Structures are given as C-alpha cells and as structure tokens.
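Undergrad: Let me give you the structure first, and then I'll get to my questions.
The values are calculated or read from the model by the stated rules, or taken from the named source; none is laboratory data. Keep in mind the model is a prediction, meaning the values are calculated, not measured. Every residue, glycine among them, receives a Cβ derived from its backbone with ideal geometry; neighbour counts consider all protein chains shown. Accessible surface areas use protein heavy atoms only, side chains included; no ligands, DNA or RNA. Shrake-Rupley method; radii C 1.70, N 1.55, O 1.52, S 1.80 Å.
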Amino acid sequence: MRLWKMEMRRILGRPILNVGLCLLLAFLVFAFWFDASGSRAEIDGTVYRGIDAIRADRKLAKEYEGILTIDKINQIVERFGFSNFIQQEEQDFPREREGNFCNQWVTNNLTDFYQTNKKGTTYLESERWEAYGKHYLESRRWEEYGKRYLEKKMKFGYTEGWKYFHSIWSWSVLALNVWLVLMTAPVFSEEYGRKTIHVLLTSVHGKWKDIWAKIAASLTVGIAIFLALTLLLFGMTIAIYGTDGLGASAGMFDFRALFGSTNLSVGHYTVLAFGAKFAAVCVNICVTLLFSSRCRSVISAVVVRILLFYPLAWLMNEVLYQMLFDLIYDTGAIYHLWGWLSLDILSILCSSTTYYLSWSAPIGAPSNWAVVILFVLLIIITGSIWQVFVNYRKGE
C-alpha cells in the first residue's frame, strides 16, 4: 500500500497536466451550457428557446412515444411539416432549424434533406417538395435506413440529450486517453532517465511489488478519472435533458444499433458504450506502460504510443482494410471462407484499438464478435503487463 501511494503521488504530481484536465472538465460544462442555451423549438406557432425549448420538445415527444409506424410519421409531418434551416440576412451558413425535435428527426432520418443543397424558408408543401427532392417514402434515405426503423419496430422517444451525451462522451474519452498517455508514459521510462532503475531492481521490492505498485497506481488514476468524467457528463445530461428516452431505440441517433441482431434501447446501448470506453482506458494504460518500460526516454515513449493511438489504427481501418478488400475481391477470394475471415480478423483488431473503443466500435460489430473482441482485449492487457515485467527486470 505504501508503494502504491508513492506511485500515485508521482503520477498525479504533474501540475501542468492536472491543469489541462481541469480545463477539459471546464470545457465540457461550458459545452453543455452552450448547447442547451442554443436550443430552439417551434410547436404549434409558439417558439421556445433554451431550457424551455428542451422541456417543450420532451413534452411533445411523449405524445409520439412507442413503436414507430407510418401513421405516426404522417401525423408528425401533417402537423408540423418538414424542418429546414432558417436563413437570416448576412448569414451564409444558417445553423438554426425550423420546427421541433419530432419533425427535425423525421426530416433528417427519413428524407433526402442532407443530400440536397436547396433551402426553403416556409412550411409551404410545394416549397418543401423542391427543398427535399422527394417525399420520405420515395427517398434514397428511406430505402437505405427508413425501412429498418419499421422492420426493427423501433421505439420513438426524446433522444436528443442522449445523442449529445454519447457524442461528447466519445470525444472526451479520446482527450482523456491522450492525457493518460502523457501521465503514465514517465512511470517506467523516467527511471531510466534518472539512472535509478538499477538501484530499484536491487531493492527488496524492486522486481515484484514495485512494478505491481506502478501498474496498479496507473490503472487507479485512469479508471478513477474516467468514472468521474462519465458521472459528470451523465449528471449534466440528466439535469438538462432529463431521463426521457432511455427506453427508446438507440437507432434513433446511431445507425449501428439498427443493423445489429437486436433492437438496442438507449439504456442498453449506454451500458455497452460504457464497457467499450472502460476497455479503451484500460488497454491504453497497459500499452502505454509497455512502451514506458521499453523506451529509455519519456519523449520516445509518448511519441510511439501517440502514433499507435490514432494514425496506425486509422490506417488499419481506413486504408489497409480497403486495400485488403479490393485484393480479395479482385482475386476472387471473396467467395472463399479465408477471404472473409481475413477481413473479419482485421476488423476485430481495429475494434480492439483504443481509438475505436473510445467510439464504442464493438457496438456496430456482429454479435458473434463480442467474445472474440473480449478475448483479444484480455490478451492485449495481460500480454502488455507481462512484457512490462520482462522489460523492466532486464533494465531494457
């Protein structure tokens, strides 16, 4: 316990990085306030703004809660029409939208609104037709996604708050993981720079307890701050947007939930996202400690880990996967089991990286991948910890 406390003080004893964490938390509070204050809802001729708009949208969404049907979609369109951007003078890129949560969701998800560049400014049906190109039942969006809302018997509900929560949660976990790299990279490599490693290895606890203390302290810091960050965001979401929509379908804001074998609720989706992000933090810390035990300088440990954190993961998923797919397709291997298996292996490896775990990538993966991804994560974590002992004991 004494060694663990000593390592905790060492890790947290970096004022500049601690200030950076405080600035991140302050920015998240500001982001929530800014998003809430900029909300706008127009319901039956009355315009609401700020918190009042959120409350009005929540109340309106309750009228249409439940399984999404064609009749329910038509009711929303007939009552409110479609939603467009509000064009104001001297504003090239308008941000405010007409309407409310319900008709904005129908416009965004069931029409070709984002595929057209035309902007209407009134609710006249003729202008709407021109603005969006096609009615939702004939749109490309409907063919690609809209039908799935009905086939999956998606539950409609107010999910605007949860949509924002998951978006800012993913970005904040990415930022937190970068911060954790900077905080934990010196744990072992700093001993090389200070020339204290040989003294530590000859001590009573140097080859066993001291290494465990460093690993445990690093994981404690990372997990504790991740939990605090998650509770802060979750608390602000409930305080501003309420708990409405937890029983609604997560497919309302994440299409990955539509293509899965089950119709995930927002609550279930949030639990899975928590597991993925928790894994991202643990994997990140263990891999960072691996490079810390291998590199003789803090800078080299940080640079190597950051390069593997994002660029390599992105290249694997966006470049290497496409190259492999083209190769398998051109050679005809796509019709063989080994061809698809090689693509699946690469996808599983990508889903197991810190970057894509931070975005809850496993949620969009086939259900039979879950056990495989979990197994890969356990191998990465245990393998990294084992290699830390090997590297540090050798004084490499």
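Undergrad: When the Cα centres of the range 1-71 and the range 207-251 are compared, how far apart do they sit, in Å?
TA: Comparing the Cα centres of the range 1-71 and the range 207-251, I get a distance of 15 Å.
Undergrad: In terms of modelled amide H atoms, which long-range or inter-chain residues lie less than 5 Å from the amide H of residue 96?
TA: For residue 96, the qualifying residues are 86.
Undergrad: What do you get when you divide the Cα radius of gyration of the range 247-396 by 2.2 N^0.38 Å, with N the number of residues?
TA: Working it through for the range 247-396, the quotient is 1.20.
Undergrad: What does the accessible area of residue 309 come to, in Å² to the nearest 10, when a probe of 1.4 Å is used?
TA: For residue 309, solvent-accessible area is about 10 Å².
Undergrad: From largest accessible area down, sort 69, 382; use a 1.4 Å probe on the protein chains.
TA: The residues order as 382, 69, largest area first.
Undergrad: While we're looking at this one, here's another question. Tabulate in residue order the Karplus-calculated ³J(HN,Hα) for the range 48-56, using 6.51 cos²θ - 1.76 cosθ + 1.60 with θ = phi - 60°, rounded to whole Hz; enter x for Gly and Pro.
TA: 10, 9, x, 4, 4, 5, 5, 5, 5
Undergrad: Extension gain residue 232-residue 323, at 0.36 nm per residue separation less the Cα-Cα distance, in nm?
TA: 28.6 nm
Undergrad: Something else now. Quickly work out the residue 336-to-residue 223 label distance, labels modelled 7 Å from Cα along the C-beta direction, and quote it in nm with one decimal.
TA: Those two pseudo-labels are separated by 4.5 nm.
Undergrad: Keeping all protein chains in place and using 1.4 angstrom, which order do 21, 341 fall into by accessible surface area, from largest down?
TA: Highest to lowest solvent-accessible surface, that is 341, 21.
Undergrad: Using only protein heavy atoms and a 1.4 Å probe, report how much of residue 336 is accessible, in Å² to the nearest 10.
TA: Answer for residue 336: close to 100 Å² accessible.
Undergrad: Here is a follow-up. Once you place label points 7 Å from the Cα toward the Cβ at residue 86 and residue 171, how far apart are they in nm?
TA: My value for the distance between the label points is 2.3 nm.
Undergrad: For a 21 Å ceiling on Cα separation, which of these pairs sit above it: 5/209; 62/163; 152/277?
TA: Beyond 21 Å between Cα atoms: 152/277.
Undergrad: Now, a different point. Considering only the other residues whose Cβ falls under 15 Å of the Cβ of residue 4, what net charge follows from Lys and Arg at +1 and Asp and Glu at -1?
TA: +4
Undergrad: While we're here: Along the range 318-330, what does the Karplus equation 6.51 cos²θ - 1.76 cosθ + 1.60 (θ = phi - 60°) give for ³J(HN,Hα), rounded to whole Hz, x for Gly and Pro?
TA: Rounded to whole hertz, the list is 8, 10, 4, 4, 5, 5, 5, 4, 4, 5, 5, 5, 5.
Undergrad: Considering only protein heavy atoms, what per residue accessible area in square angstrom results for the range 7-47 with a 1.4 angstrom probe?
TA: 60 Å²
Undergrad: Can you give me the long-range amide H partners of residue 66? Hydrogens built in the peptide plane at 1.01 Å from N, cutoff under 5 Å, separation of 5 or more residues or another chain.
TA: 156
Undergrad: Ignoring ligands, DNA and RNA, how do 253, 234, 80, 27 rank by accessible area with a 1.4 Å probe, largest first?
TA: So the residues, ranked largest to smallest area, are 27, 234, 253, 80.
Undergrad: Further, regarding this structure: How large is ³J(HN,Hα), in whole Hz, for each residue of the range 5-19 in order, when computed from phi with the Karplus curve 6.51 cos²θ - 1.76 cosθ + 1.60 and θ = phi - 60°, using x for Gly and Pro?
TA: 5, 4, 5, 4, 5, 5, 5, 7, x, 10, x, 5, 5, 5, 5
Undergrad: Now for a different question. Below 10 angstrom from the Cβ of residue 161, what's the summed charge of the other residues (Lys, Arg +1; Asp, Glu -1)?
TA: Cβ neighbours under 10 Å give a net charge of -2.
Undergrad: Would you grab the residues whose amide H sits under 5 Å from the one on residue 265? Only those 5+ places off in sequence or on another chain, please, with H modelled 1.01 Å from N.
TA: It is 250, by chain and number.
Undergrad: What figure, in Å² to the nearest 10, do you get for the accessible area of residue 71 with a 1.4 Å probe and non-protein molecules left out?
TA: 100 Å²
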